[in-house]
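Below you'll find the structure, written out as structure tokens, and then a few comments.
Quick note: the coordinates plus some simple rules give every number you see, no bench work behind them. It should be emphasised that the depicted structure is a prediction, and the values quoted were computed from it without experimental measurement. Note that we place each Cβ from the backbone using ideal geometry, even for glycine, and neighbour counts take in every protein chain shown.
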Amino acid sequence: MSQQLDAQHARRVVAQHAKTSALFGVDFVPVKGSLEPRAGANSSGAAKALKSLRARYEKEEPHKPYFTDYTNIVWDDGDPCARLMFVGEAPGADEDASGKPFVGRAGQLLNKMISAMGLSREGVYIANVIKVRPPGNATPTAEEIAASKPFLMEQIKIVRPDVIVALGLPASQCLLEKKDAMGKMRNQFHDLEIEPGLVIPVMPTYHPAYLLRSYTPENRKKVWEDLQMVLTKLGQ
Ligand code: URA
């Protein structure tokens with residue numbers, strides 16, 4: 001039985017290795033297939049807290065002065081007690097239509113990145129800084145970000161991930177409260193103190209939409225290096 005499981009694991013690792021190499025142009029074999037649950041995780045409690053936070057968001061509508069032409073609030077996706085959280089910028093047209101973050105082309109690339117890490121989308125938590133689609137997919141302004149950020153911070157406090165990956169410049173600058181370029185911020189962890197004594201490491205990296213626009217081996221390698229550091233931090 002355990003030989004069978006070993007063989008299954010080996011097949012998965014080889015298949016994933018091939019996928020990863022094709023995707024990123026680099027060699028990498030993950031050691032484990034999934035993240036262990038966070039110690040002391042209370043999944044139903046976290047799901048309930050996220051639901052009531054969403055209800056408060058819907059009541060307060062912090063986006064209202066800025067965005068009115070949208071279909072759905074795009075709140076989150078994934079495991080409410082995930083050890084790894086991805087934070088994006090704002091929903092696009094596909095996300096607006098479905099109410100789920102990262103389901104369009106950039107989302108498909110994010111899914112590939114997650115599976116190349118040896119993880120599943122269901123096992124991570126995904127949210128955006130901005131919860132409704134900005135008209136014309138415009139980059140959110142500092143004011144718009146400031147209005148929505150408290151809700152993102154509350155989401156982080158509820159999920160309490162061990163590591164956050166900030167996807168793209170607006171999400172990275174928002175979380176780190178820095179104005180630096182991505183080239184300066186990425187490839188290193190930054191401390192995010194979410195409450196006194198609770199610091200979460202944040203890894204800024206390029207947004208999958210940027211990667212799609214600039215799908216060079218160099219950029220893919222950079223993102224993959226950042227994600228490998230994240231896996232190491234998670235003990236994978
Ligand atoms: N880009 C983002 O930043 N978030 C999404 O949900 C989709 C695309």
ask   = Taking region 133-177 only, how many residues are of a type in the set (Gly, Ala, Ser), touching a Gly at 6+ places or on another chain (Cβ under 9 Å) and under 25 Å from Ser52 (Cβ atoms)?
value = 1
ask   = In region 96-141, how many residues are crowded, with 23+ Cβ neighbours inside 10 Å, within 21 Å of Leu84 (Cα to Cα) and of a type in the set (D, E, K, R)?
value = 1
Qualifying positions in region 95-131 - within 26 Å of Lys59 (Cα to Cα), within 11 Å of the ligand (Cβ to nearest atom) and out of contact with any Lys or Arg (no Cβ under 8 Å at 6 or more places or on another chain) = Ser98, Gly99, Lys100, Pro101, Phe102, Val103, Ile126, Ala127, Asn128, Ile130, Lys131
query = Would it be correct to say that Ser98 is within 16 Å of Trp75 (Cα to Cα) and touching a His at 6+ places or on another chain (Cβ under 8 Å)?
reply = no
message = Considering only residues that are in a loop (DSSP other than H, G, I, E, B) and either closer than 27 Å to Gly40 by Cβ or within 14 Å of the ligand (Cβ to nearest atom) (or both), which ones fall in region 53-66?
response = none
remark   = Considering region 194-233, residues that are without any contact (Cβ under 8 Å) to a residue 60 or more places away in the chain and of a type in the set (Gly, Ala, Ser), and then whichever is farthest from the ligand (Cβ to nearest atom), we arrive at Gly197
ask   = Is it the case that Ser172 is small (Gly, Ala, Ser), within 16 Å of the ligand (Cβ to nearest atom) and farther than 26 Å from Lys64 by Cα?
value = no
